[in-house]
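Asks: Could you have a look at this structure, given as structure tokens, before my questions?
The values are calculated or read from the model by the stated rules, or taken from the named source; none is laboratory data. Note that the structure is predicted; figures quoted are calculated from it, not measured. Positions of Cβ are generated from backbone atoms using ideal geometry, with glycine treated the same way; all protein chains shown enter the neighbour counts. Keep in mind that these areas ignore ligands, DNA and RNA; they rest on the heavy atoms of the full protein, side chains included. Shrake-Rupley method; radii C 1.70, N 1.55, O 1.52, S 1.80 Å.
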Amino acid sequence: MLDLLITNATLPDGRAGMSVAVQDGRITEVTPGLAASAQETVDAKGYLLSSPFCDPHFHMDTTLTYGHPRANESGTLLEGIQIWAELKPALTVENYIERALKYCDMAVARGLLAIRSHVDTSDPRLLAVKALLEVKKRVAPYIDLQLVAFPQDGILRLPGAIDSLKRALDLGVDVVGGIPHFERTMSEGAASVKLLCEIAAERGKWVDMHCDESDDPMSRHIETLAFEAQRLGLQGRVTGSHCTSMHSMDNYYVSKLIPLIAESGVSIIANPLVNINLQGRHDTYPKRRGMTRVPELMEAGVTVAFGHDDVQDPWYPMGSGDMLEVAHMGLHVAQMTSQAGIRACFDAVTTNAAKVMGLQGYGLEPGCDASFVLLQARDVAEAVRLRATRLQVWRKGNRLAATPEAAAALSIDGRPSAVTFRLG
């Protein structure tokens, strides 16, 4: 007897009337119209069954701190960094843990079961690191949490930052991070990329670096990151996050840069909600969109994923852990409104994000973990358009969350009694 059988589901690739069989936390069969006995059978009613959402770029240590000690009135990246520096001395391990767990509860309800969080290593006490390592243990039954050692104040700019980052890795942080555009000079930024990639290579770690989160077209550290990935044999293990300066670069230079990125095996993460909020702040008009060149990178074969980046913190006052909101914003900013473009933006918060994170057992094929989300939508486009309700969320065959179907009651003569906002 099966542990779980989901019937009459539509899959992201368009297959309808599909059944998914689950045994011992894994998918054993994906086939149309399977009839089999199971401890629990769920009729998907034709709704979309997707692999879980993944957020490959987040800051869990800063989340849910908005307004403390003050709000970011300019809306700029630099004011956000200053506010965070003011707040850090007042935070405790317990505060970090409480906020992170609260966010993880929100994430699960949204079907977000894998998160890569950067954690600030600039504080030599490493309070945030110790706290999030504890959170990682606590949420392991329901969320894959990866941690990135992130020297927020610069690895060369801040005395002692190299030692703090190495100690964070010694404690068990998974990935090496960096912020080269925040170093004192372009040359120091390039030197920081080289140094951090060498640390990763020596320790067998992956790299995920905040790269060129700037409107300055001369901020070109992604070029150095691609070079170092090849030099050190890190292909497939390196990610450049943000890369917003690429939106300000001329086409001639980008025609060289994108093939270099593709050749190096470096992945790119755009953060649509926050990129378009922070970038272009010094522009009047015309005003830059401030997100990297997503369609062009995808066309070149680069793995591109979308991250949420921030939720209610010094850099972003909005957000709710909804990766469909991220995909929705991404397709607008990147003007990816074709059917293929919409599907690509959905992939950017599911399969592509899982690939960037190197997740094992991810997918909707036999042998994969029985982790998935049932969405109140008939296809991927409808899921993104409506930011569809997550009807049920499973992790390795165990139900984690459930939400009633969304419908608005109407009281209008001659019209239906309810509206679901779906077209079909």
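Asks: Given only helices, namely DSSP H runs of n ≥ 4 each adding -39500 (n - 2.57), what is the per-residue ellipticity at 222 nm of the chain, to the nearest 500 deg cm²/dmol?
Replies: Details: 13 runs with 142 residues, N = 424.
After summing the helix terms and dividing by residue count, I get -10000 deg cm²/dmol.
Asks: Sorted by mean Cβ packing within 10 Å, highest first, what order do the peptides 406-413, 358-365, 347-354 take? Walk me through the numbers before you get to the answer.
Replies: Details: 406-413: 9.4, 358-365: 16.6, 347-354: 25.6.
The packing order, highest mean first, is 347-354, 358-365, 406-413.
Asks: Sticking with this one: Taking the mean number of other Cβ atoms within 10 Å as a proxy for protection, how do you rank 118-127, 148-157 from highest to lowest? Kindly include the intermediate steps, with their values, before the conclusion.
Replies: On the way: 118-127: 21.7, 148-157: 24.3.
In descending order of packing, they fall as 148-157, 118-127.
Asks: Please give the helix 93-109 orientation as an angle from the longest Cα principal axis of the chain, in degrees from 0 to 90, rounded to the nearest 10.
Replies: So the inclination is approximately 40 degrees.
Asks: Further question: Could you compute Rg(Cα) / (2.2 N^0.38 Å) for the stretch 75-223, with N its residue count? If you can, show how the numbers build up before the last one.
Replies: Working: Rg = 15.5 Å, N = 149, 2.2 N^0.38 = 14.7 Å.
Against the empirical 2.2 N^0.38 Å value, I get 1.05 for the stretch 75-223.
Asks: Let me ask another. With a 10 Å radius around each residue's Cβ, average the other Cβ atoms per peptide and rank 37-44, 58-65, 103-110, 1-8, highest first.
Replies: Working: 37-44: 13.9, 58-65: 24.9, 103-110: 20.9, 1-8: 18.6.
Peptide ranking by packing, descending: 58-65, 103-110, 1-8, 37-44.
Asks: Now, a different point. How high is the relative contact order of the stretch 92-214, given as a whole-number percent (alpha carbon pairs under 8 Å, six or more residues apart)?
Replies: On the way: 203 pairs, mean separation 27.0, N = 123.
Reported as a whole number, the value is 22 percent.
Asks: Among 97, 77, 27, whose Cα projects farthest towards the positive end of the dipole of the stretch 1-105, with charges put on the beta-carbon of Lys, Arg (+1) and Asp, Glu (-1)?
Replies: 77
Asks: Under a 1.4 Å probe, what is the accessible area of the chain per residue, stated in Å²? It would help to have the intermediate numbers written out before the result.
Replies: On the way: 16880 Å² over 424 residues.
It amounts to 40 Å² per residue over the chain.
Asks: Given Cα pairs under 8 Å that are at least 6 residues apart, what percent is the relative contact order of the stretch 123-173? Provide the component values of the computation, followed by the final result.
Replies: Values: 31 pairs, mean separation 23.3, N = 51.
In percent, rounded to a whole number, it is 46.
Asks: Run the numbers on the chain and let me know its relative contact order in percent, using alpha-carbon pairs under 8 Å that are six or more apart. Present the calculation step by step, with values, prior to reporting the outcome.
Replies: Values: 965 pairs, mean separation 78.6, N = 424.
After rounding, I find 19 percent.
Asks: Can you find, among 282, 141, 266, the residue sitting farthest towards the positive end of the charge dipole of the chain, where Lys and Arg contribute +1 and Asp and Glu -1 at Cβ?
Replies: Result: 141.
Asks: Let me ask something else about it. Quick check for me: using +1 on Lys/Arg Cβ and -1 on Asp/Glu Cβ, what's the dipole size of the stretch 332-396 about its Cα centre, in debye to the nearest 20?
Replies: Numbers: 8 positive and 5 negative charges, 38 e Å.
Rounded to the nearest 20 debye, it is 180 debye.
Asks: Label residue 35 and residue 288 with points 7 Å out from Cα along Cα→Cβ: what is the distance between them in nm?
Replies: Label-label distance for residue 35 and residue 288, simple model: 6.2 nm.
Asks: Can you bin the stretch 156-239 into rounded, prolate or oblate? Criterion: square roots of the alpha carbon gyration tensor eigenvalues sorted a ≥ b ≥ c, rounded for a/c under 1.5, prolate for a/b above b/c, oblate for the rest. Don't jump to the answer; show the numbers that get you there.
Replies: On the way: a/c = 1.99, a/b = 1.24, b/c = 1.61.
Here the stretch 156-239 falls in the oblate category.
Asks: Scattering from the C-alpha atoms of the chain alone, worked out with Debye: what is log10 I(q)/I(0) at q = 0.12, 0.14 1/Å?
Replies: The calculated log intensity ratios at q = 0.12, 0.14 Å⁻¹ are -0.97, -1.27.
Asks: Give the shape of the stretch 1-115 as rounded, prolate or oblate, defined through the alpha-carbon gyration tensor: a ≥ b ≥ c are the square roots of its eigenvalues, a/c under 1.5 means rounded, and otherwise the shape is prolate if a/b is larger than b/c and oblate if not.
Replies: prolate
Asks: Hey, which lysines would be in cross-link range of residue 137, C-alpha to C-alpha under 28 Å, not counting anything within fewer than 8 residues on its own chain?
Replies: Within reach: 88, 102, 166, 205, 355, 396.
Asks: Out of all DSSP beta bridges with both ends in the stretch 1-160, state the antiparallel percent to the nearest 5. The partial results should precede the final answer.
Replies: Values: 10 of 26 bridges.
Counting DSSP beta bridges with both partners in the stretch 1-160, the antiparallel share is about 40 percent.
Asks: OK, next. For the chain, find the longest principal axis of its Cα atoms and tell me its angle to the long axis of helix 323-333, 0 to 90°, nearest 10.
Replies: 70 degrees
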